[in-house]
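Asker: My structure is below; once you've seen it, I'll send some questions.
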Ligand code: NI
């Protein structure tokens, strides 16, 4: 496994729409998912999207620690071509940070309840419901596939902060 270099805000690849995966080469996908997982763990993040390792593909990994999901961990999830649908108009605001925007955090509104679907490594379609922080992480990661970084979702830029200057302890996505 290889720790990959993480692209940072300003990189062209983070501004563009990533392409759908059409070739389900299991060996290649497995290698990419292993390297992305290693990279995410190495950087202390809880999610990573392929454009963050310089690949313009609609691929995301994430997990949710039990401490952020009412005591139930969402294990490492590997998503190909994910799609999100909000289940209601309700939004929540909470802190976010991003491995591609190191050192900073800000308050971002997100859909409270979503359904998301994706393909697994075999191309099989999966669907899940999510709410709260789980829903937030999925929305944050999938935004990376459409050239959107969390500061572009912020409505109050006065909350944009250096993490070490705030009392909040943020996970990186
Ligand atoms: Ni991010």
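The values are calculated or read from the model by the stated rules, or taken from the named source; none is laboratory data. What you see is a predicted model, and the numbers here were worked out from it, not measured in a lab. Cβ placement follows ideal geometry from the backbone for every residue including glycine, while neighbour counts extend to all protein chains displayed.
Asker: Identify all residues within the range 120-137 that are farther than 17 Å from residue 153 by Cα and buried (at least 19 other Cβ atoms within 10 Å of the Cβ); write none if there are none.
Answerer: 130, 134
Asker: Of the residues that make up the range 116-132, is at least one farther than 28 Å from residue 27 by Cα, free of Cβ contacts under 8 Å to residues at least 60 places away in the same chain and out of contact with any strand residue (DSSP E or B) (no Cβ under 6 Å at 6 or more places or on another chain)?
Answerer: So far as the range 116-132 goes, no, none of its residues is farther than 28 Å from residue 27 by Cα, free of Cβ contacts under 8 Å to residues at least 60 places away in the same chain and out of contact with any strand residue (DSSP E or B) (no Cβ under 6 Å at 6 or more places or on another chain).
Asker: When the range 24-41 is examined, which residues are found to be under 16 Å from the mean Cα position of the chain (by Cα) and either without any contact (Cβ under 8 Å) to a residue 12 or more places away in the chain or within 15 Å of the ligand (Cβ to nearest atom) (or both)?
Answerer: Within the range 24-41, 36, 39, 40, 41 qualify.
Asker: Could you go through the range 143-166 and let me know if any residue there is modelled with pLDDT under 95, over 23 Å from residue 6 (Cβ atoms) and not in a helix (DSSP H, G or I).
Answerer: Checked the range 143-166: no residue is modelled with pLDDT under 95, over 23 Å from residue 6 (Cβ atoms) and not in a helix (DSSP H, G or I).
Asker: On the basis of being part of a strand (DSSP E or B) and touching a helix residue (DSSP H, G or I) at 6+ places or on another chain (Cβ under 6 Å), does residue 128 make the cut?
Answerer: no
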